[in-house]
Structures are given as structure tokens and as C-alpha cells.
Amino acid sequence: MRYLIYIPILFVQQASAQAIDQLGVKKGITMNGSINTSTTAYKAFGMAQRRDPFAWYLNGNINMNLFGYAMPFSFSYSNQGTQYSQPFNQYRFAPSYKWVKLYLGTTSMQFSNYTLAGHIFNGAGVELTPGKWRIAAMYGTLDKALNRKGYGTKIGYENNGNSYSIALFTAKDGIPKDATAHDDSAHDATAIDATTKNQTAAFAIKQHITKRIFADAEYSISQLNNLYYDAIQAGLGYTANSYSIQLRYERVAPDYTTLGAYTVVNDMRNVTIAPTLQFWKGKITLSGNAGLQVNNLNHQKMSDTRRWVANINTSITPNDHWTMSANYSNFNTFTRVRPLSDPYFTNPLDTLDYYQVNTTYNSMLMYRIGNSAITLNTSFQHASDKSDANDNLSSFFTSNLSYTYLLKKHDMSLTTAFNYYYNTSAGFNTEFFGPNLNVSKQFLNKTCKVAVLTTYNSTKVASTQSDLFNTGLTLGYTPKGKKHTISSSLLYMQKDAVREYTGTMNYSYSF
């Protein structure tokens with residue numbers, strides 16, 4: 001299939017030299033960016049093929065400046081686009097000039113958290129920022145399978161840290177083009193029929209009462225077919241030189257939904273306090289948001305839940321050798337990224353599209369001295385499946401300890417690590433652990449790079465144990481002072497009697 005992209009450019013000649021200069025003719029035409037192409041070959045023995053034996057990919061980013069007009073453009077094409085539900089073949093074009101910016105193709109925009117909130121669409125949008133005004137508008141397809149069209153606008157005014165805005169967004173489903181090939185509907189947080197119409201509006205204000213005291217508020221309303229829901233968030237804060245503090249209030253009605261977001265955490269009321277502190281000459285930073293959360297706002301559930309919630313962050317850098325950070329949160333959030341324990345293991349009970357994360361803990365500890373660095377990363381999540389009526393709980397624990405050593409004199413680096421992962425979900429316990437080694441070396445005045453990666457994992461699922469072995473070789477060549485890069489890789493994977501080979505060739509050109 002051929003893809004043709006036409007970019008019309010209109011130049012209007014002005015009578016006066018001054019008008020031409022104002023258009024930026026002196027800047028001329030500049031262009032930079034990169035184009036990348038790759039091919040992948042795959043073969044498996046001892047099992048069914050997990051992917052096509054051959055695939056190609058072409059993508060690029062081009063930044064043009066035409067007489068002062070910035071016109072960034074990106075595209076991505078693949079022969080996989082006709083075989084998968086995800087849009088492999090797509091383009092994005094975002095030209096801008098002074099206070100005008102366009103969004104064309106596969107893109108996204110942000111109006112507010114409860115109207116249009118970063119949902120990807122195929123269409124067009126515009127942002128205008130003349131002076132103190134902020135104006136945005138969009139129109140496009142949010143879900144191809146449901147023929148879901150959306151359009152909206154946002155108008156705002158900003159001055160000296162104060163802002164006032166109103167956002168309107170409407171989305172409506174048409175007749176599904178193919179009711180059996182719903183490629184994006186599984187991403188929506190609520191089950192919505194194919195004739196849904198949704199209208200949302202948000203009114204926001206941020207105002208400095210004094211030099212150090214400020215207040216903000218946002219009220220949103222959503223009409224889903226003939227039902228109405230609302231949401232409100234507000235805050236009152238004080239800012240000093242080394243600390244700040246806010247009192248926050250947030251309420252989201254049960255079943256609040258907007259088709260401009262992939263999901264919304266609803267049926268909750270939070271009253272929290274959010275301080276931020278810096279001390280020891282900025283080497284220690286503490287921030288948080290803690291308070292009381294209540295659900296069952298319309299008293300339709302059998303019981304209420306009242307619990308203390310917190311989101312705490314800390315960062316410590318006492319000297320050039322040590323760096324420490326930690327985060328804890330038990331706010332309800334959603335994620336579509338699920339930990340992958342073993343590429344060969346699929347839990348038959350695990351049909352989640354979203355995890356509702358109830359508790360998250362992350363920490364990082366790094367020690368650097370000379371050419372060496374030791375890093376310990378730890379993560380824990382306690383989550384529930386929003387799509388599961390039984391509220392199935394899952395726990396994930398991940399830890400990684402790594403050591404890196406640089407031999408600058410020999411243009412060589414060595415990284416060794418040990419990984420550990422444990423997951424409990426729906427009566428299944430999954431555990432894997434093992435080391436990996438990565439060695440890289442540069443040759444020929446740093447124009448050629450060779451890297452070898454080896455990984456071994458021992459995996460245990462319920463009472464079944466297996467071993468997974470990976471090894472790969474990567475070669476890369478970039479001529480000194482040139483803009484071309486050629487690289488190739490070969491990956492071998494073995495698990496019991498199963499063997500897989502994957503080879504990749506890449507070429508990129510930067511200009």
C-alpha cells in the first residue's frame with residue numbers, strides 16, 4: 001500500500017520590504033530531524049510462532065522552519081498496520097508560528113482532568129496564545145470502531161499568575177463500522193453502549209489573594225445521555241521561600257464519566273493538606289498530600305469506606321556520592337501497564353485492561369564513586385481489578401540491584417544486575433529472579449560499538465518451575481562526523497525445549 005502525504009505551503013508576497021521581514025524571510029528555510037527504518041526476522045522452534053516471520057517499520061521526525069513558521073511533523077508506518085488493531089500507520093503534524101499552533105493527524109490535547117484529558121484522537125486541533133489569552137479547539141475521531149467523534153473548545157485568560165478558563169467538550173458515538181473489531185473501546189473505563197452522547201464543561205479559576213496566598217477552584221459537569229454528574233476540586237495555599245502548604249478539596253460524583261479521558265476515578269471525596277519543604281540548602285526535599293477519603297457519596301452501596309490517604313515524596317542528595325528518593329501513595333489511581341513476569345506465561349484469569357492501584361511504594365538508592373555506581377530500585381504495588389465485580393486483589397513486588405563500572409581509557413562499560421519479581425493474583429503466585437550482564441565496547445575512534453547482553457531467570461508459577469535464558473549481540477556503526485547510523489542485533493531466547501531467534505537491522509539518518 002502506498003502512502004502519500006501532501007503539505008500545502010502558501011507564500012503571499014507583500015508589497016513592502018518591511019512586511020516581508022516581519023514574516024521572517026531573513027530566517028530562511030531550515031530543517032532537521034531523523035528518519036529511521038528497521039526490519040525484523042523471527043523464527044521459533046518447539047512452539048507456535050508468536051509473531052510474523054518478517055516485519056518492517058518506518059518512522060521519522062522532521063522539524064521544519066519555513067520563514068519563521070515552525071512545522072514539526074512525525075510519522076510511523078509498518079506492514080503490521082493491517083494485521084493489528086493498534087494504529088501502526090499514523091502521522092502527526094504540529095506546525096506553529098508565534099502564538100498559533102496546530103495539531104493534525106494522530107494527536108492529543110489537554111483541556112482539563114474532567115473534560116478532554118489527553119485522549120488520543122485522529123483529527124485536527126488548534127492552540128492560540130495571543131497576549132494573555134489562551135484559546136484551544138479540536139475535532140476528531142476518538143474511537144474508530146464506535147465511530148466516536150469529539151469536538152471541544154477552551155478559552156482562558158492569564159495575568160500575573162492568575163488564570164480563568166472555561167472548557168467545553170462533546171463526544172458522540174455513531175453506528176459502529178465493525179462491531180466485532182473494537183480496537184479502543186476496551187481502553188474506556190466504563191461500559192458504554194454504541195449510541196452514547198457525552199457533553200462536559202469545566203470552569204476553572206486561580207487567583208492570588210496576596211503575594212503569598214493563592215486560591216484555585218474548578219467545577220466540572222458531565223451529561224452522559226440523560227444523566228448528569230459533577231466534580232469539583234479547590235485549594236487554598238500559602239507559599240514562602242523554603243516551604244509551601246495547601247489545603248485541598250476534591251469531590252467526584254459516582255459514575256462521573258467523560259469520553260475525553262480513558263478513565264476517571266469517581267465516587268470519592270478527598271479533604272487533604274499538601275505541604276512542601278526544602279532544607280539543608282536544598283539537599284533535602286519533602287512533599288506530600290495527606291488527608292481523609294470517603295466514598296459512597298450517594299449512599300447506594302451497602303457500606304461506606306472512610307480511610308486516611310497520603311502521597312509522600314522525599315529526595316535526599318547529601319553529597320556527590322549519595323542519591324536517595326522514595327515515594328508512597330495509597331490514593332486510588334488507574335494503570336494499564338501490567339508487570340510482565342515471563343513472556344511465555346499467561347494467567348488465564350488475568351483479563352484486566354486496567355488495574356486500580358490502591359497502594360504504591362517506590363524507592364531508589366544510588367552510590368557513586370569514581371567510575372563506579374551501585375543502584376538499588378524497589379517497587380511495590382497493591383492493586384484491584386476495576387473490571388472484576390469481585391474486586392480481585394493483586395500484589396506486585398519488584399527489586400533490581402545493579403553495579404556499573406566504566407573503563408573510560410578503554411571506551412568500555414560493564415553492568416551487572418540481579419532482578420527479583422513476585423506477584424500474587426487470583427490465587428496464582430508468580431516468582432522469578434536471576435542475574436544479567438551487559439558489556440559494551442567502542443572501537444575505531446568510537447564509531448563502532450559492540451554490546452553483549454546475557455540474562456538468566458528462574459521462574460516459578462504455582463508449583464511449576466522453569467528457566468529462561470536470553471542472550472543477545474548488538475553491533476552499531478556511526479561514521480565520525482556523519483549523520484548515518486547502522487545497527488543490527490541478534491537475540492536468542494530459550495525456555496525448556498522452546499527456542500526463539502530474532503534478528504533486527506536498523507538504519508537511521510539525522511539531518
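The single residue among Phe432, Phe428 that is aromatic (Phe, Trp, Tyr), at pLDDT below 90 and surrounded by 16 or more Cβ atoms within 10 Å (Cβ to Cβ) turns out to be Phe432.
The residues of region 153-191 that are surrounded by 13 or more Cβ atoms within 10 Å (Cβ to Cβ), at pLDDT below 65 and among the polar types (S, T, N, Q), listed by number, are Ser185, Thr190. Output the residue which, of all residues in region 242-263 that are at pLDDT below 95 and exposed (fewer than 15 other Cβ atoms within 10 Å of the Cβ), is farthest from Thr115 (Cα to Cα). In this case the residue turns out to be Ser242. Considering the conditions (1) surrounded by 15 or more Cβ atoms within 10 Å (Cβ to Cβ); (2) over 21 Å from Lys43 (Cα atoms); (3) at pLDDT below 95, Tyr507 is excluded by exactly one of them, (1). One residue stands out in region 105-148 among those that are more than 26 Å from Val265 (Cβ to Cβ) and of a type in the set (D, E, K, R): the one that is surrounded by the fewest Cβ atoms within 10 Å (Cβ to Cβ), namely Lys132. Annotation note: Cβ proximity below 7 Å between a residue of region 379-401 that is modelled with pLDDT under 80 and a residue that is of a type in the set (S, T, N, Q) and not in a strand (DSSP E or B) (sequence gap 6+ or interchain) occurs for Ser384/Asn392; Asp385/Asn392. Considering (1) within 30 Å of Thr30 (Cβ to Cβ); (2) without any contact (Cβ under 8 Å) to a residue 60 or more places away in the chain; (3) touching a strand residue (DSSP E or B) at 6+ places or on another chain (Cβ under 7 Å); (4) not aromatic (Phe, Trp, Tyr), the lone condition that Gln442 does not fulfil carries the number (1). When region 82-104 is filtered for residues that are surrounded by 16 or more Cβ atoms within 10 Å (Cβ to Cβ) and at pLDDT below 80, the ones remaining, listed by number, are Phe88, Asn89, Gln90, Tyr91. Against the criterion of being under 27 Å from Gln49 (Cα atoms), modelled with pLDDT under 90 and of a type in the set (A, V, I, L, M, F, W, C), Val452 does not qualify. For region 435-459, which positions are surrounded by 15 or more Cβ atoms within 10 Å (Cβ to Cβ) and touching an Asp or Glu at 6+ places or on another chain (Cβ under 6 Å)? Listed by number, the residues that qualify are Gln442, Thr459.
If only residues of region 291-321 that are charged (D, E, K, R) and free of Cβ contacts under 8 Å to residues at least 40 places away in the same chain are counted, the one that is surrounded by the most Cβ atoms within 10 Å (Cβ to Cβ) is Lys301. Checking each residue in region 305-322 for being within 22 Å of Pro275 (Cα to Cα) and of a type in the set (Val, Ile, Thr) picks out Val309, Ile312, Thr314, Ile316, Thr317.
Scanning region 291-312 finds no residues that are assigned to a strand (DSSP E or B) and hydroxyl-bearing (Ser, Thr, Tyr). If you go through region 322-344 one residue at a time, do you hit one that is surrounded by fewer than 15 Cβ atoms within 10 Å (Cβ to Cβ) and modelled with pLDDT of 95 or more? Yes: one or more hits. Total residues in region 241-290 satisfying the condition of being of a type in the set (D, E, K, R), in contact (Cβ under 8 Å) with a residue 24 or more places away in the chain and under 26 Å from Ser222 (Cβ atoms): the figure is 5.
Would you pick out the residues in region 210-236 that are over 16 Å from Asn266 (Cα atoms) and at pLDDT below 95? Those that are over 16 Å from Asn266 (Cα atoms) and at pLDDT below 95: Thr210, Lys211, Arg212, Asn225, Asn226. Counting only residues that are under 23 Å from Ser76 (Cβ atoms) and either more than 23 Å from the chain's Cα centre (by Cα) or among the β-branched types (Val, Ile, Thr) (or both), how many does region 97-125 have? Total meeting the criteria: 3. For region 132-167, enumerate the residues that are part of a loop (DSSP other than H, G, I, E, B) and in contact with a strand residue (DSSP E or B) (Cβ under 9 Å, 6 or more places away or on another chain). Once the filter is applied, which keeps residues that are part of a loop (DSSP other than H, G, I, E, B) and in contact with a strand residue (DSSP E or B) (Cβ under 9 Å, 6 or more places away or on another chain), region 132-167 yields Lys132, Lys144, Asn147, Asn160, Gly161. If you filter region 218-241 down to residues that are among the aliphatic types (A, V, I, L, M) and assigned to a strand (DSSP E or B), you find that the one that is surrounded by the most Cβ atoms within 10 Å (Cβ to Cβ) is Ala231.
The values are calculated or read from the model by the stated rules, or taken from the named source; none is laboratory data. These numbers were taken from a predicted model, which means no experiment stands behind them. Cβ sites come from the backbone with ideal geometry, for glycine too, and all protein chains shown count toward neighbours.
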